[in-house]
Structure formats: structure tokens, C-alpha cells
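Structure first, commentary second.
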Amino acid sequence: MGLVGSPITATFAHPRSLPTTFVPPINTMASSYKNRFPYSPLAPSSSLPWMPSTYYKTAAINPTLAPFSNDSQESLSCTKLPPISNRTTLCTRYSPDDWYRSILTSYKESETARRDAERLRANTSRLTHDKYQQTRTSQQESTKNLGERVRDIGFWKSELCYELDKMIGETNALMDVKNGLERALAQTEAPLQVSPECLLHREKRMGIDLVRDEVEEQLLAEVDVIRSCQERMWRSLEKAKAQLRSNRAAQHELEKDLANKQAAHRIDQKCHHLKNTSDGISYYRGVERVDATISVPESWAKFTDANILLSQRERAASAKLRDNIQSLLEVTGNEMRHQFNQANVAFTNRIAETANAKSKIQTHLAKTLQEIFQTEMSLETIRKCIRDQEPALQVAQTRLEKRTRRPNEELCRDTAQLRLVNEVHELDKTVQILQQQLRDTQDRLQVLVHTKSDLEHDLAIKANSLFIDQEKCLGMRKSFPSTARLLGCG
């Protein structure tokens with residue numbers, strides 16, 4: 001077929017040497033595109049170009065141009081095509097093989113698209129059915145779990161109610177015993193007045209008689225017994241109050257746990273009966289991401305079980321405390337009366353001992369006065385001996401002082417010098433021994449004088465002690481309360 005003009009060189013072709021014939025035959029052109037749509041001729045339009053790239057997307061290849069030479073530039077200038085507006089015939093650039101391949105490609109892609117669509121529909125149907133079954137199974141499992149949860153809460157509710165009734169009864173019984181203990185404790189104030197007053201009177205004893213003797217021990221024991229009874233009552237009373245607080249605390253925990261169980265039972269029961277057709281269901285976006293739980297089933301059951309066990313322990317402790325209080329009220333009166341008799345016996349014995357001690361002190365005082373007189377005579381003898389040593393010491397020291405004035409070589413350490421030095425040392429030592437003996441004798445005299453003063457003071461003390469024990473204490477103890485009053489019956 002003859003050509004009127006020549007087409008422009010394709011921009012996607014690799015640069016190569018220019019042939020003598022610029023346009024190759026159509027049947028030898030290689031397809032450089034992938035046809036995705038069948039060819040349909042368009043009506044001629046003056047606004048559309050004639051190039052096939054208008055309907056088919058060509059491959060974007062950036063050619064690597066070889067360097068131009070002067071010859072090639074000249075050749076191009078010689079073979080330059082005329083403008084498109086001068087062409088009169090359209091040049092076809094595709095072969096029949098290209099056309100058939102394009103159609104086959106379209107068929108294959110259509111079949112692939114249909115197979116993919118069928119497979120997607122089958123997967124969608126299967127997925128829809130599976131998800132429906134999964135949703136129904138999940139909801140049934142949740143409903144079953146909620147039902148089990150409601151039964152668990154109901155069980156623990158019944159346990160809490162039973163234990164709460166037991167705890168209330170025990171608390172009321174302990175309250176009655178506590179009131180009885182308070183009345184018994186008030187009756188112990190009268191017996192406690194006698195013994196402390198005796199102790200206060202005996203505090204007026206003087207000097208050595210302020211001793212922790214048998215009477216003091218028995219009086220203190222009597223006070224200790226009474227106060228011990230009171231303290232045991234007070235401790236039991238405090239224990240009763242503390243136990244009441246513990247009972248009420250355990251009761252409060254039971255009541256709070258029971259109230260929580262009741263509220264949870266109502267909520268879970270309502271949730272258990274909810275269906276897809278129930279009223280009041282709605283969307284709560286993001287609620288599944290909010291984890292407000294603070295326990296797990298094990299810790300939840302352990303918490304309630306711990307509350308019940310705590311209440312049972314407190315009930316057992318409360319019952320034991322009530323028995324202890326009853327036993328305590330029966331023994332305190334006898335203990336106080338027995339100790340009162342023991343204190344009276346100690347008073348009698350102590351009075352006899354004090355009278356005997358007073359007699360012996362008088363004898364020792366007479367002997368001490370005689371020894372003081374003899375010690376004073378010995379002191380005077382020692383002082384006279386010290387005075388007698390002073391002239392001899394003065395003579396020896398004077399001799400030594402005068403011999404220091406000997407001239408030059410006459411200052412000799414001779415036998416006389418050595419003997420004078422020894423004589424001064426001996427006299428000094430003798431005076432020191434006598435002075436030490438004087439001090440020891442003076443100290444001994446001071447001891448004797450102090451002993452004399454103590455003995456005289458002890459005589460006054462013993463007389464005062466006899467008056468306190470015989471006249472004041474024994475006379476006052478005759479008004480000790482009776483056994484019935486000590487038992488709290490009066």
C-alpha cells in the first residue's frame with residue numbers, strides 16, 4: 001500500500017541508527033502495549049489526534065539517546081517529515097495478531113472476574129452463616145454463664161442471711177452480759193478504800209521503818225488483788241466492748257456484702273432475662289474497652305467466704321468471752337476476802353517485831369555511846385604523837401640546809417649527808433602514817449556519831465510505827481466490807 005506521507009518517530013522506541021527507509025512494514029511491528037479494551041472506531045473529530053496513543057496507554061520508557069554527530073544531524077535535516085496537516089491517509093500501526101490477542105485477553109480477564117465473583121459470593125454466604133451461628137452460640141454461652149452466676153449469688157445470699165441472723169443473736173446476748181459486768185464492777189469500789197488508806201497511814205512511818213515488810217506486802221497484795229479483780233473486770237469489759245465492736249464490724253461486713261449480693265443478683269437476673277427482642281437494649285460504644293472489674297470468681301467467692309468465716313470466728317470468741325465473764329464474777333469476791341485475812345495476820349506479826357527491835361536499839365545505843373568516848377581519847381593520843389615528831393624533823397632539815405653553804409669541794413655527799421637525808425624521809429613517812437591513822441580514827445568517830453544518831457532516830461521511828469500499826473491501821477480494818485458486798489450482791 002502506498003503511503004502519501006511518513007509518520008513521526010515514536011517517542012517510546014529505543015534510539016538506534018536511522019535506516020534508509022524511515023517507516024518499517026506494519027506486519028513486522030512488535031506490539032508495545034497491552035490491550036485491555038476492544039477496539040471500537042470513533043467518529044472523526046477535529047478535536048482528537050489521529051495517533052493510537054489517544055485510545056491506548058503506551059509504556060513510559062525514557063530512551064537513552066546516543067550522542068548526535070554532525071552527520072546524523074545533517075541526515076535528520078534531510079529526511080524531516082512533512083507536518084501532519086499535509087497527510088491525506090491514516091496509517092494503521094497494529095497487526096491482526098495484536099487484535100486477536102487483545103480479544104483473548106479480554107475473554108480471560110472476564111472469566112477470571114466471574115470466577116472471583118462466584119468465589120466471593122460463596123465465601124460471603126458461608127461467612128454470614130458461620131457468624132450467625134457464632135453470634136447465637138456466644139449469646140447462649142453468655143446467657144448460660146449469667147444463669148450460673150445468678151445461682152452462685154443466690155447461694156451466697158442464703159449463707160450470708162443465715163450467718164447474719166446468728167451474729168445478731170450473739171451480739172444481743174453479749175450486750176446483756178456486759179451490762180451485768182458493769183454493775184459488778186461498781187460494787188468493788190468500797191473494798192478498795194480500806195487497804196489504800198492503811199498504806200497511806202504507813203507512808204507516815206519514818207526512816208528505816210518505811211520498809212517493804214510483810215504487812216506492806218500483804219497490803220499491797222490486797223490492793224493488787226482488789227485492783228486485779230477490777231482490772232480483770234475492766235479487761236473483760238473492754239474485751240466485751242471490743243468484741244461488740246468486732247461483732248458489729250463483722251455484722252456490717254455481712255450486711256454490706258449481702259446488700260451488694262442483692263444488687264448484683266437483681267442486675268445479673270435482669271441481664272440473664274434480656275433477649276434480642278427485649279426493651280431497653282441499646283448501643284454503648286466502647287463499653288467493652290472499659291474494665292471496671294476488681295475481682296475474679298475465685299477472689300469473689302473467697303471474699304464472701306472470708307466474711308462468713310470472720311463472723312463465725314467472732315461469734316465463737318463472743319460466746320467464749322461470755323463464759324469467761326460469768327466465771328470471773330464468781331471468784332473475785334473470795335480472793336479479796338482471803339487476802340484481807342492474810343493482811344491482818346501480817347499486821348500482828350509486824351507489831352511484835354517492831355517492839356522487839358525497839359528494845360534492842362536501846363541496848364545498842366548505850367554501847368555506841370561508850371565506844372564514842374574511847375575513840376575520842378585515841379584521837380587525842382595520835383595528835384600528841386604527831387606534835388612530838390615535829391622538833392626532830394625541824395632539826396634534820398635545818399642541818400641539811402646549813403650544809404648546803406659549804407664552799408666548793410667541801411660540798412661532799414658524805415655519810416653524814418646521806419644519813420640526814422634518810423632521817424628526813426623517815427620522819428616524813430612517820431608523820432604521814434600518823435596523819436593517816438588520825439584521819440581513819442576521825443572517820444571512825446564520825447561513823448560512830450552517825451550510828452548514834454541513827455539509833456536515836458530509829459527509836460523515834462519504831463515508836464511512831466507501833467502507833468500507826470496498832471492504833472490506826474488495825475482499828476480502821478475492822479470496817480472492812482462483808483463477803484456479800486465483795487461479791488457484788490449488796
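Restricted to segment 187-216, and to residues that are without any contact (Cβ under 8 Å) to a residue 60 or more places away in the chain and closer than 28 Å to Q326 by Cβ, which residue is surrounded by the most Cβ atoms within 10 Å (Cβ to Cβ)? Going through the qualifying residues, I end up with L192. For segment 405-425, a residue qualifies if it is open to solvent by 90 Å² or more (accessible area, probe 1.4 Å) and either acidic (D, E) or not in a helix (DSSP H, G or I) (or both), and the qualifying residues are R405, E409, E410, L411, R413.
There is no residue in segment 362-372 that is over 60 Å from the mean Cα position of the chain (by Cα), of a type outside the set (F, W, Y), farther than 30 Å from V449 by Cβ and surrounded by 11 or more Cβ atoms within 10 Å (Cβ to Cβ).
Annotation: E353 fulfils all but one of (1) at pLDDT 85 or above; (2) more than 30 Å from K478 (Cα to Cα); the unmet one is (2). Residue count for segment 349-361 satisfying the condition of being without any contact (Cβ under 8 Å) to a residue 24 or more places away in the chain and of a type outside the set (D, E, K, R): 3.
Taken over segment 362-397, the criterion of being without any contact (Cβ under 8 Å) to a residue 12 or more places away in the chain and of a type in the set (A, V, I, L, M) is satisfied by A366, M377, V395. When A301 is tested against (1) over 36 Å from the mean Cα position of the chain (by Cα); (2) of a type in the set (G, A, S); (3) part of a helix (DSSP H, G or I), exactly one condition is not met: (1).
How about segment 305-352: which of its residues are open to solvent by less than 60 Å² (accessible area, probe 1.4 Å) and polar (S, T, N, Q)? Hits for segment 305-352 are N307, S311, S318, T332, Q339, N344. Residues satisfying the criterion are absent from segment 470-483 (criterion: over 30 Å from G333 (Cβ atoms) and part of a helix (DSSP H, G or I)). The set of residues in segment 469-490 being modelled with pLDDT of 80 or more and surrounded by 19 or more Cβ atoms within 10 Å (Cβ to Cβ) consists of D469, C473. Under the condition of being of a type outside the set (S, T, Y) and more than 17 Å from Q218 (Cα to Cα), the residues counted in segment 334-362 number 7.
For A343, state whether it is touching a residue at least 24 places away in the same chain (Cβ under 8 Å) and within 17 Å of F467 (Cα to Cα). The answer is no for A343.
If we scan segment 311-328, do we find a residue that is acidic (D, E), modelled with pLDDT of 90 or more and farther than 29 Å from R227 by Cα? Looking through segment 311-328, none of the residues is acidic (D, E), modelled with pLDDT of 90 or more and farther than 29 Å from R227 by Cα. Within segment 140-171, being open to solvent by 90 Å² or more (accessible area, probe 1.4 Å) and either touching a Pro at 6+ places or on another chain (Cβ under 9 Å) or among the polar types (S, T, N, Q) (or both) holds for one residue alone: Q140. With respect to D176, is the statement that it is open to solvent by less than 30 Å² (accessible area, probe 1.4 Å) and among the acidic types (D, E) true? Taking the combined requirement at face value, the residue does not satisfy it.
For segment 224-264, filtered to residues that are among the basic types (K, R), farther than 18 Å from A306 by Cβ and within 33 Å of the chain's Cα centre (by Cα), the residue that is least open to solvent (accessible area, probe 1.4 Å) is K241.
As a summary of the residue check, D428 satisfies the conditions (1) farther than 30 Å from L199 by Cβ; (2) buried (at least 17 other Cβ atoms within 10 Å of the Cβ) except for the one numbered (2).
The values are calculated or read from the model by the stated rules, or taken from the named source; none is laboratory data. Because the structure is a prediction, the values reported are computed rather than measured. For neighbour counting, all protein chains shown are included, and Cβ atoms are generated from backbone atoms with ideal geometry for every residue, glycine included. These accessible areas exclude ligands, DNA and RNA; they are computed on the full protein's heavy atoms, side chains included. Shrake-Rupley method; radii C 1.70, N 1.55, O 1.52, S 1.80 Å.
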